[in-house]
Amino acid sequence: MTSEPALTDKPEFQALLKEKDRLKNQSIVKLFSEQPNRANELTVAQANIELDYSRHAIDSQGFDALFKIIDPSESHRFATELLDGLKVNFTEKQSALHSLFRNKNSKKTHSIVSEIQKKMAHLVEDIVNGHKKGFTGKAFTDVVNLGIGGSYLGPKLVFESLSNYRNHLDCHFVSNLDPEDLKTTLLTLQPETTLFVVCSKSFKTEETLINARNARNWLMKAGAKDLENNFIAITENTKAAQDFNIPAGNCLLLPKEVAGRYSIWTSAGLTCALGIGWKSFSEFLSGAEAMDSHFKSAAPSRNLPVIMSLLEFWYRNCWNTQVHAILPYSHNLRSLPIHLQQLVMESNGKNALASGEFLEQLTASVIWGTDGINGQHSFYQFLHQGTLLCPIDFILPLSTISRDSDQHSKMVSHCLAQARALMIGRSTHESYNYLLKKGLPEKDSRDLAPHLRMPGNRPSNIISFESLNPTSLGSLLALYEHKTYFSARLWGINPFDQWGVELGKTISENIQAVMFKGEDANQLDPATYRLISKWKKTTLGD
Ligand code: F6P
């Protein structure tokens, strides 16, 4: 792996900035009239996903300049280095193995991958078919995943997204240190028929270990003698899991070369594989594999992750946008924005280059969003008339496998309406005429018109697929992973480490020593100390 020169140093970047100046007041609607076939030309359908990127403030000349910032061979090289298992994680000097878990060929070359998957498949079969039972000999009815970050968000998203593929096992996801999370989850569950999956790569994460301890106590109180039946650990740190009394046979390896936010394809996917069964989980892996081969083989101008990454570069680094919204038109995809928040912000919220120098360019945006229908009645006002430019990804399953297809089609209409309204906007004059037509007096119409004006020209992608199923979901998540990776390569940062989360964890240990062990508070700053004193008064009455 070679380290890349900073993009801002390239003359191609300066040329791109000129394009931005040329296009900054360009109407997107006008671009459609100048390029009659734009809707088709700026749509790519590959690997179960269609990307419509026609609603952007960029024309053919701008795209030419944008694609020039990468060497044509670069996208293939970046993809190959990742997918062939090269050490792309340069700070931890290791490969990023997540995509090997969905690649049939690499399973042959990486025995660890096939070993983990075999064990996982057996466990899933045994548990779903009721052969593996709880501590009183009853089959399981519920699975509780105890984990946080990537050991929570991905599994929860996939289980929710594939709710139409569920079997009889009900899966629950507990992540919060707040005891209310586990307490409310356990309210309706029976210890005898509840399986706990402790998912923690490090097996050191405080939040997860406290929840696991409380779950263990709950089982013991109900009569379990050990954790042989009702506990499984997913971890790299099998020693710590065994010290916790989870038998070695119940431990599934989560390799250190897989960062949490990329781990859904591995043993960390166990809980959702239990909930949807092995067949659907395998289809989910195949969907991702289709995206992997597309990423590796397609030319940059037809390559979905590359196009999305370059458009991110266009807005972030040329227009200096700060935010990016993810708006799925699907209740089942409601957790997608928060999963992508971790994927993008933990991967690319960085500024150090391989050389040790600091990047002066902007990297990851703030990723935010919610399901589009609820968002419409909450923050879309800001998208339409707010003063911050926010590129949007609308995520759109075109149909549904459930029986309520008329209702689903209405959601499709809302998604298309929002993308169009954001693009075309409404001028003050149009607003004035609209108000007059509604019967408002002339003066009132004139006064009110500016408040109805919408600037328009708000850019968006529409990422659609036939229906939300295991295959399309796998392709969609892999698309975002590769887009994130490609952006990191453009910027020259490492998307697979997360050193930025360490300091907070260390300081929380220091603070706990002051709060609970009476250690000297002088080591802390006055603002922190003041609130500790207040906490003492409130909680301990000191
Ligand atoms: O603190 C951040 C983090 O390390 C994430 O990267 C990870 O997904 C999460 O915590 C959980 O970590 P673990 O699986 O080791 O408990």
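Let me check the size of region 13-79 from its C-alpha atoms; what are the radius of gyration and Dmax in Å?
13.6, 37
Where in region 60-91 is the amide nitrogen less than 20 Å from a point lying 7 Å along the Cα-to-Cβ axis of A299?
60-80
Would you report the distance distribution of C-alpha pairs in region 68-151 as whole percents per 5 angstrom bin, up to the bin with the largest distance?
Each 5 Å bin holds this share of Cα pairs: 3, 11, 13, 14, 16, 13, 10, 8, 6, 3, 2, 1, 0.
Express the carbon and sulfur contribution to the solvent-accessible surface of region 293-441 as a percent, rounded to the nearest whole number, probe 1.4 angstrom.
Details: 3610 of 6770 Å².
Within region 293-441, the accessible surface is 53 percent carbon and sulfur.
Give me the accessible area of V128, 1.4 Å probe, in Å² rounded to the nearest 10.
That residue has around 30 Å² of solvent-accessible surface.
Percent relative contact order of the chain, based on C-alpha pairs within less than 8 angstrom and at least six residues apart?
Relative contact order, the chain: 19 percent.
Can you give the FRET efficiency to the nearest 0.05 for N320 and F90, using r as the Cβ-Cβ distance and R₀ = 25 Å? Write down the numbers at each step before the final one.
On the way: r = 27 Å, r/R0 = 1.10.
For N320 and F90, the calculated efficiency is 0.35.
Hey, quick one: spin label on K279, modelled 7 Å out along Cα-Cβ, who in region 126-149 has an amide N within reach, i.e. under 20 Å?
Answer for this model: 126-132.
Sticking with the crude label model, points 7 Å out along Cα→Cβ, report the distance from S402 to T184 in nm, one decimal please.
2.1 nm
Evaluate the Kirkwood expression for the hydrodynamic radius of the chain, namely the inverse of the mean inverse distance over all pairs of different C-alpha atoms, and round to one decimal in Å.
Working: mean 1/r = 0.0394 Å⁻¹.
Every distinct Cα pair counted, the radius reaches 25.4 Å.
Which parts of region 239-255 would a label at N217 reach, counting a residue when its backbone N lies under 19 Å from a point 7 Å out along Cα-to-Cβ?
244-246
Shape of region 70-109 from its Cα gyration tensor (a ≥ b ≥ c, root eigenvalues): rounded if a/c is under 1.5, otherwise prolate when a/b > b/c, or oblate? Display every interim value, and only then the final one.
Values: a/c = 2.97, a/b = 1.29, b/c = 2.30.
Since a/c reaches 1.5 but b/c is at least a/b, the shape of region 70-109 is classed as oblate.
Would you compute, from DSSP H runs of 4+ residues alone, the mean residue ellipticity of the chain at 222 nm, taking -39500 (n - 2.57) per run and dividing by the full residue count, rounded to the nearest 500? Don't jump to the answer; show the numbers that get you there.
Working: 22 runs with 259 residues, N = 542.
Calculated at 222 nm, the ellipticity per residue is -15000 deg cm²/dmol.
In debye, nearest 20, what is the charge dipole magnitude of the chain about its Cα centre with +1 on Lys and Arg Cβ and -1 on Asp and Glu Cβ, if you could check?
Working: 57 positive and 57 negative charges, 123 e Å.
Approximately 600 debye in magnitude.
Just reorder R334, R55 by solvent-accessible area, largest first, 1.4 Å probe, all chains present. Can you show the working numbers first?
Values: R334 90, R55 35 Å².
Greatest to least solvent exposure: R334, R55.
How many percent of all Cα-Cα pairs in region 172-328 sit more than 25 Å apart?
Values: 5738 of 12246 pairs.
For region 172-328, the fraction of Cα-Cα distances above 25 Å is 47 percent.
Quick check on region 410-509: take the gyration tensor over C-alpha atoms, sort the square-rooted eigenvalues as a ≥ b ≥ c, and tell me if it's rounded (a/c under 1.5), prolate or oblate. Don't skip to the end; give the middle numbers.
Values: a/c = 3.29, a/b = 1.99, b/c = 1.65.
It is prolate, given that a/c is not under 1.5 and a/b is the larger ratio.
So with the 1.4 Å probe, I'd like the accessible area per residue for the chain, rounded to whole Å². Can you show the working numbers first?
Working: 24080 Å² over 542 residues.
Per residue, the chain has 44 Å² of solvent-accessible surface.
Does region 150-253 come out rounded, prolate or oblate by the C-alpha gyration tensor, with a ≥ b ≥ c the root eigenvalues, rounded set by a/c under 1.5 and, if not, prolate when a/b is larger than b/c and oblate if not?
On the way: a/c = 1.41, a/b = 1.17, b/c = 1.20.
Taking the square roots of the gyration eigenvalues as a ≥ b ≥ c, region 150-253 is rounded.
When DSSP beta bridges are limited to those with both residues in the chain, what percentage is antiparallel, rounded to the nearest 5? Walk me through the intermediate numbers first.
Values: 12 of 43 bridges.
DSSP beta bridges in the chain are roughly 30 percent antiparallel.
Counting residues in region 131-192 as N, plug N into 2.2 N^0.38 Å and put the Cα Rg over that result.
Working: Rg = 12.6 Å, N = 62, 2.2 N^0.38 = 10.6 Å.
That ratio works out to 1.20.
Under 10 Å from the Cβ of K133, count the other residues' Cβ atoms, weight Lys and Arg +1, Asp and Glu -1, and hand me the total.
Numbers: positive: K132, K138; negative: D126, E192.
Once positives and negatives cancel, what remains is 0.
The values are calculated or read from the model by the stated rules, or taken from the named source; none is laboratory data. All figures in this text were calculated on a predicted structure; none of them were measured in a lab. Cβ coordinates were reconstructed from backbone atoms using ideal geometry, including for glycine residues, and neighbour counts include every protein chain displayed. These area figures cover heavy atoms from the full protein model, side chains too; ligands, DNA and RNA do not enter into them. Shrake-Rupley method; radii C 1.70, N 1.55, O 1.52, S 1.80 Å.
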